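Student: Take this structure first; my questions come after.
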């Protein structure tokens, strides 16, 4: 029996793909709906009220119990529509077995032959952005380390 040959594994660096997609499409895959940075964020709500960076108790926006309570009340009463938190990394961690220093496939055909639920259309939009990295079999094989 001959000695086995070493094989090279060709894979995309997941972080490089994400950086590329975010720059090309002007999106944030960790906050796709803009909950923390978009027009419906808490910061935008504060701006719309004319609030500065420090509340009357001397707390900054992120620590303000006064403004947070008021914001939550406005959301509950329908006066402000808060964006949902849509994090592609969290979704991909749920559907793929991922750990530090691993290889995995981005499931770009996840919705193939399935009905896309209305609340998951954002995932299909992002998966479409990954298609340009697919190999001839339609796979996007990645490596990730943190």
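Student: If residue 36 satisfies all but one of (1) at pLDDT below 95; (2) more than 20 Å from residue 129 (Cβ to Cβ); (3) not in a loop (DSSP other than H, G, I, E, B), what's the number of the condition it fails?
Tutor: Every condition holds for residue 36 apart from (3).
Student: Which numbered condition in (1) surrounded by 12 or more Cβ atoms within 10 Å (Cβ to Cβ); (2) more than 23 Å from residue 106 (Cβ to Cβ) is the only one that residue 32 fails?
Tutor: Checking residue 32 against (1) surrounded by 12 or more Cβ atoms within 10 Å (Cβ to Cβ); (2) more than 23 Å from residue 106 (Cβ to Cβ), the one that fails is (2).
Student: Any residue at all in the range 42-49 that is closer than 30 Å to residue 138 by Cα and assigned to a helix (DSSP H, G or I)?
Tutor: no
Student: Hey, residue 69 hits all of (1) surrounded by fewer than 16 Cβ atoms within 10 Å (Cβ to Cβ); (2) within 24 Å of the chain's Cα centre (by Cα) but one; which does it fall short on?
Tutor: (2)
Student: Identify, by number, the condition in (1) within 24 Å of the chain's Cα centre (by Cα); (2) farther than 18 Å from residue 34 by Cβ that residue 58 doesn't meet.
Tutor: For residue 58, the exception is condition (1).
Student: Let me ask something else. Of the conditions (1) in contact (Cβ under 8 Å) with a residue 60 or more places away in the chain; (2) not assigned by TED's automatic domain parsing to the domain that holds residue 125, residue 25 satisfies every one except a single condition; which number is it?
Tutor: The single condition residue 25 does not satisfy is (2).
Student: Residues in the range 80-107 that are touching a strand residue (DSSP E or B) at 6+ places or on another chain (Cβ under 6 Å) and in a loop (DSSP other than H, G, I, E, B): how many?
Tutor: 2
Student: Checking the condition touching a residue at least 40 places away in the same chain (Cβ under 8 Å) and buried (at least 16 other Cβ atoms within 10 Å of the Cβ), which residue from 86, 127 passes?
Tutor: Going through 86, 127 in turn, the sole match is 86.
The values are calculated or read from the model by the stated rules, or taken from the named source; none is laboratory data. Because the structure is a prediction, the values reported are computed rather than measured. Positions of Cβ are generated from backbone atoms using ideal geometry, with glycine treated the same way; all protein chains shown enter the neighbour counts.
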